[in-house]
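Written below as structure tokens is the structure these notes are about.
The values are calculated or read from the model by the stated rules, or taken from the named source; none is laboratory data. Treat the numbers as computed from the prediction; the structure is a model and nothing was measured. Quick reminder, even Gly has a Cβ in these numbers, built from the backbone with ideal geometry, and neighbours come from all protein chains shown. Just so you know, the surface numbers come from the protein's heavy atoms only, side chains and all, with ligands and any DNA or RNA stripped out. Shrake-Rupley method; radii C 1.70, N 1.55, O 1.52, S 1.80 Å.
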Amino acid sequence: MQTKIERPADTPAEVYTYWHQRWCDLLTRHHRQDFVRAGLAGVSFTERVPDAPDGKGYFSYVFGKDGSVEFMDGEGEAVAEYDSYELGFRMLSDEGLDLAQPIADGRFRMISQPERWQTLMSLLPILRNACRQAIEEAERKFGLELPKYW
């Protein structure tokens with residue numbers, strides 16, 4: 001029987017780290033040119049979220065000059081914050097979610113470089129597909145069921 005994780009914030013840190021790394025690997029392997037074409041090469045992002053599963057209160061990632069994606073320590077150039085890891089996880093994975101609503105009601109706030117966030121959001125289908133695959137791989141590897149919004 002698989003362990004079912006009810007809330008994204010309750011994801012064990014090891015699983016959270018694993019699926020994030022797989023997400024980067026998948027994006028790098030299959031979509032680096034998409035990121036270069038979009039103008040994201042060399043751009044870093046930080047998402048501040050108080051209940052991130054690793055306890056840091058944020059996570060940051062960078063698109064390399066070649067379009068590769070990796071997580072990094074410290075704060076990126078384009079910074080956003082949101083009220084809960086569940087909201088961020090849902091924004092990434094739920095194609096039915098109207099992204100304008102969390103922005104309009106202040107649950108998702110672009111602190112710096114909103115134009116970069118808009119470019120990133122234009123690539124959500126790519127990001128979502130890799131998220132789905134990374135989550136499914138993490139579930140198999142760790143024998144658990146993570147929350148899903150697809």
Paramagnetic reach from residue 13 in the stretch 34-53 [backbone N under 11 Å; point 7 Å along Cα→Cβ] | 53
Restricting to the stretch 35-145, what percent of DSSP beta bridges are antiparallel, rounded to 5?
-> 75
Relative contact order (%) - criterion: Cα under 8 Å, at least six apart; region: the stretch 76-150 = 41
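Suppose all protein chains stay in the model; what accessible area per residue would a 1.4 Å probe give for the chain, in Å²?
On the way: 7360 Å² over 150 residues.
Using a 1.4 Å probe on heavy atoms only, each residue of the chain averages 49 Å².
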So what is the orientation-averaged projected area of the stretch 101-150, using the convex hull of its C-alpha atoms, in nm²?
-> 4.6
Zero-based 10 Å bins, Cα pair distances in the stretch 31-112, whole percents | 19, 43, 36, 3
If you take the alpha carbon radius of gyration of the stretch 67-126 and divide it by 2.2 N^0.38 Å, what ratio comes out, to two decimals?
-> 1.13
Across bins of 10 angstrom width beginning at 0, how are the C-alpha pair distances of the stretch 1-76 distributed, in whole percent?
-> 19, 43, 28, 9, 1
Exposure of residue 4 as accessible area (Å², to 10), given a probe of 1.4 Å and all protein chains = 120
For the chain, set up a Gaussian network in which alpha carbons nearer than 10 Å are linked by springs, and say which option among 66, 51, 105 fluctuates the most.
-> 105
Here Rg/Rh (Cα, Kirkwood) for the chain equals 0.94
Full extension between residue 33 and residue 148 adds, at 0.36 nm per residue less the Cα distance, a length in nm of 38.6 nm
With each pseudo-label sitting 7 Å past Cα toward Cβ, what's the residue 111-residue 66 distance in nm, one decimal?
-> 3.1
Cα centroid distance between the stretch 83-133 and the stretch 1-31, in Å?
-> 17
Relative contact order (%) - the stretch 25-140, alpha-carbon pairs under 8 angstrom, separation at least six | 25
For the stretch 60-70, just list the computed ³J(HN,Hα) in residue order, Karplus coefficients 6.51, -1.76 and 1.60, θ = phi - 60°, integers in Hz, with x standing in for Gly and Pro.
-> 10, 8, 9, 9, x, 4, 8, x, 5, 10, 8
Within the accessible area of the chain, what % is carbon and sulfur when the probe is 1.4 Å and the other protein chains stay in place?
-> 48
Within the set of other residues whose C-beta is less than 14 Å from the C-beta of residue 40, count the net charge using Lys and Arg as +1 and Asp and Glu as -1.
-> -1
